[in-house]
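The values are calculated or read from the model by the stated rules, or taken from the named source; none is laboratory data. Keep in mind it's a predicted model, so treat the numbers as computed, not measured. Reconstructed Cβ throughout: ideal geometry from the backbone, glycine too, with neighbour counts over all protein chains shown.
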Amino acid sequence: MKPFKKYKLNKVSKDETYTRCKIVGLKKAYYISSYEKILEDYGGAAGLIKNEDHPGYCNLCMTYHSFNDKKVGHTNLPEPVYVVEFSPLYNEKGQLILIKYNKDEVFCSVDRGGYRESYDSDKLTDAGLTFWNNGTFTEFR
């Protein structure tokens, strides 16, 4: 089994603020628990980072954003410093999730999916991604 799996996006809707897509074939996104080393399902802040080994694809990652207040860690940048941390997300088999997308996205949101499409169906929804069309960053005002 490969250590990664490639997925495509299917655009569901777009308005002035958001573009919503489904990740075709991915039912849930997971992270690996630091303590128990097991897969835990995830939905929330995410990012896409271009993958050099797979041109045209990005790793889907969970993200954490914060200002560096000298308690958080070391940086070589002058203040103010805004820090974005990335950790990879996986599918149900523990494979890295690669999304066909050709640019970095520092912030988007992943809906982990995996719930029924309707009450009278056993079909599970694919995980989704929401992109902010005009960005979300306002911290350097």
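Taking each residue of region 113-128 that is basic (Lys, Arg) and looking for partners that are surrounded by 11 or more Cβ atoms within 10 Å (Cβ to Cβ) with beta-carbon atoms closer than 8 Å, six or more apart or interchain, yields ARG116/LEU124; ARG116/THR125; LYS123/ARG116; LYS123/GLU117. Of everything in region 1-40 that is farther than 19 Å from LEU124 by Cα and among the polar types (S, T, N, Q), the residue that is modelled with the lowest pLDDT is SER34. Kindly indicate whether any position in region 105-125 is modelled with pLDDT under 95, in contact with a Lys or Arg (Cβ under 8 Å, 6 or more places away or on another chain) and among the hydroxyl-bearing types (Ser, Thr, Tyr). Scanning region 105-125 turns up at least one residue that is modelled with pLDDT under 95, in contact with a Lys or Arg (Cβ under 8 Å, 6 or more places away or on another chain) and among the hydroxyl-bearing types (Ser, Thr, Tyr). Is it the case that ALA29 is in contact with a Cys (Cβ under 9 Å, 6 or more places away or on another chain), within 19 Å of LEU129 (Cβ to Cβ) and among the hydrophobic types (A, V, I, L, M, F, W, C)? Criteria not met by ALA29.
Within this structure, GLU139 passes the test of being in contact (Cβ under 8 Å) with a residue 24 or more places away in the chain and surrounded by 10 or more Cβ atoms within 10 Å (Cβ to Cβ). The number of residues in region 13-48 that are loosely packed, with under 14 Cβ neighbours inside 10 Å, small (Gly, Ala, Ser) and farther than 18 Å from LYS93 by Cβ comes to 3.
Of the strands (runs of 3 or more DSSP E) that lie entirely inside region 45-141, those containing 1 or more residues that are more than 18 Å from LEU9 (Cβ to Cβ) span 57-67, 82-88. Consider region 95-141 and keep the residues that are of a type in the set (A, V, I, L, M) and in contact with a strand residue (DSSP E or B) (Cβ under 6 Å, 6 or more places away or on another chain). The one that is farthest from LYS2 (Cα to Cα) is VAL106.
Just one of the listed residues (LEU77, LEU89, LEU60) is within 30 Å of PHE140 (Cα to Cα) and free of Cβ contacts under 8 Å to residues at least 24 places away in the same chain, and it is LEU77. Here ASN102 meets the list (1) under 26 Å from SER33 (Cα atoms); (2) at pLDDT 85 or above almost entirely, failing just condition (1).
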